[in-house]
1. Can you name every residue in the stretch B:62-72 that is within 9 Å of chain A (Cβ to nearest Cβ) and under 12 Å from the mean Cα position of the chain (by Cα)?
2. If you check A:Pro48 against the conditions, is it without any contact (Cβ under 8 Å) to a residue 60 or more places away in the chain, more than 11 Å from every other protein chain (Cβ to nearest Cβ) and more than 30 Å from B:Glu42 (Cα to Cα)?
3. Out of curiosity, is A:Val162 within 14 Å of chain B (Cβ to nearest Cβ), within 21 Å of the chain's Cα centre (by Cα), under 24 Å from B:Thr85 (Cα atoms) and in contact (Cβ under 8 Å) with a residue 12 or more places away in the chain?
4. Can you confirm whether A:Phe181 is in contact (Cβ under 8 Å) with a residue 24 or more places away in the chain, surrounded by 20 or more Cβ atoms within 10 Å (Cβ to Cβ) and more than 12 Å from chain B (Cβ to nearest Cβ)?
5. Taking the options A:Ile113, A:Ile89, name whichever one is within 17 Å of the chain's Cα centre (by Cα), assigned to a helix (DSSP H, G or I) and within 14 Å of another protein chain (Cβ to nearest Cβ).
6. With (1) farther than 29 Å from A:Phe116 by Cα; (2) modelled with pLDDT of 85 or more; (3) of a type in the set (D, E, K, R) as the list, and B:Glu159 as the residue in question, which single condition is left unmet?
7. Taking helices (runs of 4 or more DSSP H) that do not extend beyond the stretch A:236-328, which have at least 3 residues that are closer than 30 Å to A:Leu190 by Cβ?
8. Here are some residues: A:Gln65, A:Gln53. Which one is without any contact (Cβ under 8 Å) to a residue 60 or more places away in the chain and over 18 Å from A:Ala213 (Cβ atoms)?
Amino acid sequence: MSLTLLNVIVAVVIAIAFAAANAAYLVWAERRGAARIQRRPGPNINGPFGLLQPPLDGIKLMTKQLMIPGGADKILFMVAPVLAMAPAIMSFVTIPFSEGIAAHNMELGVLVIFAFASMGAMAILFAGWGSRNKYSVMASVRAVSQNVSYEIPMLITAITVVMTTGSMDLKMISMAQSGGFWHWNIFPSLQSPLMPISFIIFFICSLAETNRAPFDLGEAESELVAGFHTEYGSMGFGLFFMGEYANIVIGASLTTILFLGGWDCPFGMFPGVWWFLLKIYLLIATFIWIRWTFPRTTIYGLLNLSWKILIPISLFNLLLTAGLLKVF
Amino acid sequence: MNPSMAITEAPGLFTADGLTGLIFLVMMAVTLIGGLIACTAERLVRSVAGLVVCFIGVAALYYFLNSPFVALMQILIYVGAVCITIAFAIMLAAPEENKKNGPAGPLSGPLAFITAGIVTIGLIVMAMRAKFTSLPKVNGGTVKEIGIQFLTSYSMVFELISIVLLIAIIGALVIARAGRSK
């Protein structure tokens, strides 16, 4: 009993450390990637390749004064950044990084991650409303309507994968795809011939769920100053940033587990945590690449894409998979 | 411990029963505090925040009662969907939350107290008189078993709920259509 408790505590501490380290160095990767795409050097002064930039940024953010606008709803304003970060950490606990490395593998892993991800929208709403700033409110309404509408196709696609595997356990889903890349869920199978389309839908939805370009309507700086975090400075802003990058890592991990075989090696050799990390960082690199090469969509285009294209396709895919599972 | 047996003495704090009781009390406190915030907050958005806290407390209780599926559904649906929808409704409908309601009638305070008192006493009396028996564990609470039950023993209930939800969706569409043509 006490040993399991100790295990959980150690796992939670590692999850927090992993999330924080990722958040810090993904910001660096993002800035370097952006700079490369825009043909400028990017942060390269502090340390080799600018690698000391993230800790210095952290020190700067933490030593700044915490400013709360006069008209703001103080409690909601203070709670929102914490609420943005906490569910992301909670989701990390269930992600299996390899066969042996999972903090607390749950039978309902997929559901746990979706449940905690849906709490992130509350943080954005509270941040926008608590700031008492019209740009923040508009940005938060946009971001939340986007989150809510993209959650639906994402869940339906995840259900398709769960149906073909017959389990909601993230570990089981990964293990079912082991033994070479031709077993991965991304490739069409007899039961589910539209899997590549599912993967594309899931990827688009995870871009939209994490408020990344080309779907970063909640942070359209030309229309909304900065977005729902306009009024936040110092570590409040820092927490929103960390939450966003933690969510990106979770989205990439979930995509890897559901479609790319988790920790499985493409050629059936040395499966392990390194393959998992390689896959999620390749996905994150794609996220960054997309962000700096695509222009931002409009809010109507964004919502139409979800309600008129992605949801019908994913529903059709679900029905097709259900029928074929019955046949085969 | 036999649950039907009356508890004569409180278990020690650091025994398994004591810690379970403590965790249960914490969950109850979270639920109650959330509910109180939801009822008494002057700003509507804070009421929604209280509701979120209350729902999370209820979800914790479900988890405590060994049904993680219901707990996660509580978070996914009530926190992730219902509260968000309520918050949207507030943002669209009430731009000014400082509006005070008119003074309530002179009887409203005492009446509210009397009603609440009667309900509370009634519930306490019922709880004291009821005989708590431990029921056999039906299944492990796994998703698979819940799904099988839904589509066999309780398929009628399941279908009726789907029809209610379908009617709600159609009703919402009808109202939205009418609003758009104006």
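The values are calculated or read from the model by the stated rules, or taken from the named source; none is laboratory data. Keep in mind that this is a model prediction, so the values were computed, not measured. As a convention, Cβ positions derive from the backbone with ideal geometry for all residues, glycine included, and neighbour counts pool all protein chains shown.
1. Here is the first cut: in the stretch B:62-72, the ones within 9 Å of chain A (Cβ to nearest Cβ) are B:68-69, B:71-72.
Matches in the stretch B:62-72: B:Ala71 only.
2. yes
3. So A:Val162 does not fit the description; no.
4. So A:Phe181 fails the test.
5. Details: A:Ile89 fails: within 14 Å of another protein chain (Cβ to nearest Cβ).
Being within 17 Å of the chain's Cα centre (by Cα), assigned to a helix (DSSP H, G or I) and within 14 Å of another protein chain (Cβ to nearest Cβ) holds for just one of A:Ile113, A:Ile89, which is A:Ile113.
6. Tallying (1) farther than 29 Å from A:Phe116 by Cα; (2) modelled with pLDDT of 85 or more; (3) of a type in the set (D, E, K, R), B:Glu159 fails exactly one: (1).
7. Counting at least 3 such residues, we get A:273-293, A:311-327.
8. Details: A:Gln65 fails: without any contact (Cβ under 8 Å) to a residue 60 or more places away in the chain.
From the options A:Gln65, A:Gln53, the qualifying one is A:Gln53.
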